[in-house]
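The next block holds one structure in the form of structure tokens; read it before the comments.
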Amino acid sequence: MLPVVSVGMIEASITRSPSTPRTRRRESTTAPGPATAADDALLQYARETGGSVYHQAGTCRMGEDPGAVVDSRLRVRGIDGLRVIDASVMPTLTTGNIQAPVIMIGEKGAAMIREDARSS
């Protein structure tokens, strides 16, 4: 898995570079500070201080394998009549905002409920 690097880390690394024009260089930063110039040190700083600003999702993963909480029709395994129809069913997280995928999950889930009601 590739390490996640924030824009701030990239900017910190660029602004400290000797090849950056002096007018763009920063003399100091608040954090992680000028002593943290190496990539490994920047990654360690990110691991120690970073947090998520993303909407959490993927806590009730959908799939057909034994580790999945819900099946492909959004039914909770082992509990009849219960479905999960929200961002928690995403097997992996999207790289962008989750609003559109969540709307699609809701629309598809509603359609599945209607289909199942018609067939029973």
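The values are calculated or read from the model by the stated rules, or taken from the named source; none is laboratory data. Predicted, not measured: the structure shown is a model, and the values here were computed from it. As a convention, Cβ positions derive from the backbone with ideal geometry for all residues, glycine included, and neighbour counts pool all protein chains shown. Areas reflect the complete protein model, heavy atoms only, side chains present, ligands, DNA and RNA absent. Shrake-Rupley method; radii C 1.70, N 1.55, O 1.52, S 1.80 Å.
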If each K or R counts +1 and each D or E counts -1, the residues other than residue 58 whose Cβ falls under 15 Å of its Cβ total -1
Taking the alpha-carbon set of region 50-120, what are its Rg and Dmax in Å? 13.1, 49
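In whole angstrom, how long is each semi-axis of the equivalent ellipsoid of region 30-90, when you take the square root of 5 times every eigenvalue of its Cα gyration tensor and sort them from largest down? Walk me through the numbers before you get to the answer.
Details: eigenvalues 338, 26, 10 Å².
In descending order the semi-axes read 41, 11, 7 Å.
Percent relative contact order of region 32-116, based on C-alpha pairs within less than 8 angstrom and at least six residues apart?
Working: 86 pairs, mean separation 19.5, N = 85.
Answer for region 32-116 is 23 percent.
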Built amide H within the under 5 Å cut-off of residue 83, gap 5+: 76
Under a 1.4 Å probe, what is the accessible area of region 39-120 per residue, stated in Å²? 70
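Between residue 68 and residue 39, what FRET efficiency follows from the Cβ-Cβ distance if R0 is 41 Å, with the result rounded to 0.05? Don't skip to the answer; put the middle values down first.
Working: r = 36 Å, r/R0 = 0.89.
In this case the efficiency is close to 0.65.
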